[in-house]
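Right, one structure below, let's go through it.
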Amino acid sequence: MKNTPLTEKHIALGARMAEFAGYNMPISYAGIKEEHQQVRNKVGVFDVSHMGEFVVRGKEALQLVQKITTNDASKLEIGDAQYSCFPNEQGGIVDDCLVYRLPEDMCAEGEQAFMLVVNASNIDKDWAWANRHNEFDTRLINISDQTALLAVQGPLAADALQPLTAVDLQGLKYYTFTKGTFAGIDNVLISATGYTGAGGFELYVDASRAAELWDAVFEAGKAHDIQPIGLGARDTLRLEMGYCLYGNDIDDNTSPIEAGLGWITKTKKGDFISRDAFARQREEGVSRKLVGFVLPEERRVPRHDYPIEDEQGREIGKVTSGTMSPSLDYPIGMGYVQKAFAEPGTAIFVVAGKKRLEATVARPPFYKG
């Protein structure tokens, strides 16, 4: 297993560690439910340094990003970020990603620069994919091993972090970022993004300064009861918001149109991989859709790959993600079902062994705050 620059910090804090995407990662510290509520109500810190980061820099950087992603990167001003995905030639998803439009002080004259942030489990696959399609006057730089990433999430995140920087954190709009000095460390990328729905920031820093940043964040956050948070709560938090997890809810065989990601699939922006297929799906419709569902009368959790049936017992789909919602105190899930059963309010049944769990299709986010 690989380690992040903060692995020793997690072990010293008594985290329950496990392998995730090839890395030795903290799953929980105090417990998933407690950590979940900490982020929803206060502020918590995730080590997500296992994520991958690629810089795209050159005269035709935009052309490459436009070809390999579904969203329209031409809309990005310097300091903007957007959610997107890499489509494959079969109309599936290679990975989902964040696209950052970087400052031009990183470029020679006439160049542009972007950063693509990808899932840890897909770094090698994504790197090969991007290079395979780079037929432009631009270059790709893999900075994943040199970059650490902290996600400081929760309603008190700005208050906890503000003493560490002159950047006005409250004034940083959602899905924008800036580069500045943070905790005395230069060139930290401070991004108003996250995967929890609780607000907060993601801090990209040189891996050699990660432990220093971690210590400074926890020292500054003491007054707000800041706590370390593991990947277990990261999963329950994202699922309450209906955010997709690659490998569960989306993969090489799922279309972004099926997955409810039509809003990041801009078929009018010009040519990109599988654009025609997505335009056709948008026009003709798809046979299955990713839906959310709730089980307010049940206690058993729906698990990945559990069959989904209609009232007559006919299989109509499969569960992709499920959990006991710590905020709602009942099970929630996501899964693909035939289009006819995708309307909110539709009764469906999740098959858990010999038991059929009664569920209702519901539009995420499940937790409205």
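Read the figures in this text as sums done on the coordinates, not as results from a lab. This structure is a prediction, so every number in the text was calculated from the model and none was measured. Here the Cβ is made from the backbone with ideal geometry for all residues, glycine too, and neighbour counts use every protein chain on show.
So here's what we get for this one:
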{"quantity": "Equivalent ellipsoid semi-axes, the chain, via Cα gyration tensor eigenvalues times 5, rooted, Å", "calculated": "33, 28, 17"}
{"quantity": "Chain lengthening between ARG303 and ASN131 when straightened (0.36 nm per residue, less Cα-Cα)", "calculated": "58.3 nm"}
{"quantity": "Gain in span if fully extended, GLN90 to LYS75, counting 0.36 nm per residue against the direct Cα distance", "calculated": "2.8 nm"}
{"quantity": "Cleavage-rule hits, trypsin sites (Lys or Arg not before Pro), the stretch 1-61, DSSP coil, Cβ neighbours within 10 Å at most 16", "calculated": "LYS59"}
{"quantity": "Environment charge of PRO5, counting only residues whose C-beta is closer than 13 Å and scoring Lys/Arg +1, Asp/Glu -1", "calculated": "-3"}
{"quantity": "Residue-wise HN-Hα coupling along the stretch 92-108, computed from phi with Karplus coefficients 6.51, -1.76, 1.60 (Hz; x: Gly, Pro)", "calculated": "x, 10, 5, 5, 9, 7, 10, 10, 10, 8, 7, x, 7, 5, 8, 10, 6"}
{"quantity": "LYS368 versus GLU219: modelled label distance in nm, points set 7 Å from Cα along the beta carbon direction", "calculated": "4.4 nm"}
{"quantity": "In the stretch 256-293, the trypsin sites (Lys or Arg not before Pro) that fall in loop regions by DSSP, at most 15 other Cβ within 10 Å", "calculated": "LYS268"}
{"quantity": "Trypsin sites (Lys or Arg not before Pro) within the stretch 328-369: DSSP coil, no more than 14 neighbouring Cβ in 10 Å", "calculated": "LYS354, LYS368"}
{"quantity": "Rotationally averaged projected area of the stretch 121-195 (alpha carbon convex hull; nm²)", "calculated": "6.8 nm²"}
{"quantity": "Dipole magnitude of the stretch 287-369, debye to nearest 20 (Cβ charges: Lys/Arg +1, Asp/Glu -1, about Cα centre)", "calculated": "200 debye"}
{"quantity": "Two-site FRET efficiency, ASP145 against ARG314, from Cβ-Cβ distance with R₀ of 45 Å, rounded to 0.05", "calculated": "0.35"}
{"quantity": "Vicinal HN-Hα couplings computed from phi for the stretch 4-14 (Karplus, 6.51 cos²θ - 1.76 cosθ + 1.60; Hz; Gly/Pro x)", "calculated": "8, x, 10, 4, 5, 4, 5, 5, 5, 7, x"}
{"quantity": "Cβ-derived FRET efficiency at R0 41 Å, GLN170 paired with GLN338, nearest 0.05", "calculated": "0.35"}
{"quantity": "For the stretch 240-369, convex hull of alpha carbons as volume per residue, Å³", "calculated": "110 Å³"}
{"quantity": "Förster radius 41 Å - calculated FRET efficiency between ASP329 and SER287 (Cβ-Cβ, nearest 0.05)", "calculated": "0.75"}
